[in-house]
1. I102 is checked against (1) out of contact with any Phe, Trp or Tyr (no Cβ under 6 Å at 6 or more places or on another chain); (2) open to solvent by 20 Å² or more (accessible area, probe 1.4 Å) and fails just one. What number does that condition carry?
2. Looking at segment 208-225, which of its residues are closer than 19 Å to I102 by Cα, of a type outside the set (D, E, K, R) and touching a residue at least 60 places away in the same chain (Cβ under 8 Å)?
3. Do we find that S82 is of a type in the set (G, A, S) and either open to solvent by less than 60 Å² (accessible area, probe 1.4 Å) or assigned by the TED database to the domain that holds L174 (or both) in this structure?
4. Give the number of residues within segment 38-79 that are crowded, with 19+ Cβ neighbours inside 10 Å and among the polar types (S, T, N, Q).
5. Would you tally the residues in segment 176-212 being open to solvent by less than 40 Å² (accessible area, probe 1.4 Å), touching a Leu at 6+ places or on another chain (Cβ under 8 Å) and under 15 Å from T105 (Cα atoms)?
6. Look at segment 152-161 and say how many of its residues are in contact with a helix residue (DSSP H, G or I) (Cβ under 8 Å, 6 or more places away or on another chain) and open to solvent by 50 Å² or more (accessible area, probe 1.4 Å).
7. For G164, which of the numbered conditions (1) of a type outside the set (A, V, I, L, M); (2) modelled with pLDDT of 95 or more; (3) open to solvent by less than 40 Å² (accessible area, probe 1.4 Å) fails to hold?
Amino acid sequence: METAVIPGTFQLDRSRNATVQVFEHLRELIVTLALEPGAVLPRNDLTRYFNLSATPIRDALTRLGDEGLVDIFPQHVTRVRSVDLASARQAQFLRLSVELEIVRTLSQKPEPALAQTLLQLVERQRACLEAGDLKNFTQIDLAFHQQLYQAAQLEQLWHTMRSGSGNLDRLRRLHLPLNGKAQSILEEHSAIARAIGAGDPAAAQGCVRQHLSGTLSELDQLKLKYPSFMPPIA
């Protein structure tokens, strides 16, 4: 096990809860694979990095453990957990179920302005892909889906979904550079937006089903390419 060198810097916003900020910062590093599975996170190193006391560090690590992103061995070590495939499958199943219903609802009362907003997000993603900026590509990917939840007046549900998606996010990040996945995302997002704009619930649901099924269908390939990132596939 190798002690992690935590990349980047952290600036505390004193108007917000410190534990929440530590959790969000570490979670982002884990789901983007800046902190890889197996990386050890010594608490003394974390207190120096964040320039905070042990309490918010401990509480943030507990939240990460609850989400299945780190393993905590009391009085011993905390390390980034390998990708939990069961958690990823459950998150994908829940997300697919919810988003199928969201696009059905939105397509029944189509709003051209919503479709245009979604297509503008696709074009921003395209620019990121052309620039090789996968970090912002992923952020706009999330913004596309969050826009769907907002349009359906389900913003709180979006945050609930995100809170359990860490392992799925890691799989999606591993998959993104492979086999034209990023280009497929652009095409699928465009198809979803156009189906909603056209008021075609069946087409919108078909596009969502295709869009959200891709990563888990590639688990065998991902395991071969990243054997240290996940346990053997059952």
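The values are calculated or read from the model by the stated rules, or taken from the named source; none is laboratory data. The structure presented is a predicted model; accordingly, all values stated were derived computationally and were not measured. As a convention, Cβ positions derive from the backbone with ideal geometry for all residues, glycine included, and neighbour counts pool all protein chains shown. For accessibility, only protein heavy atoms count, side chains too; no ligands or nucleic acids. Shrake-Rupley method; radii C 1.70, N 1.55, O 1.52, S 1.80 Å.
1. (2)
2. Once the filter is applied, which keeps residues that are closer than 19 Å to I102 by Cα, of a type outside the set (D, E, K, R) and touching a residue at least 60 places away in the same chain (Cβ under 8 Å), segment 208-225 yields V208, L212, S213.
3. Here the answer is yes, as S82 does meet what is asked.
4. Number satisfying all stated conditions: 1.
5. Residues that pass the stated criteria total 6.
6. Adding up the residues that qualify gives 3.
7. It fails just one condition, (2).
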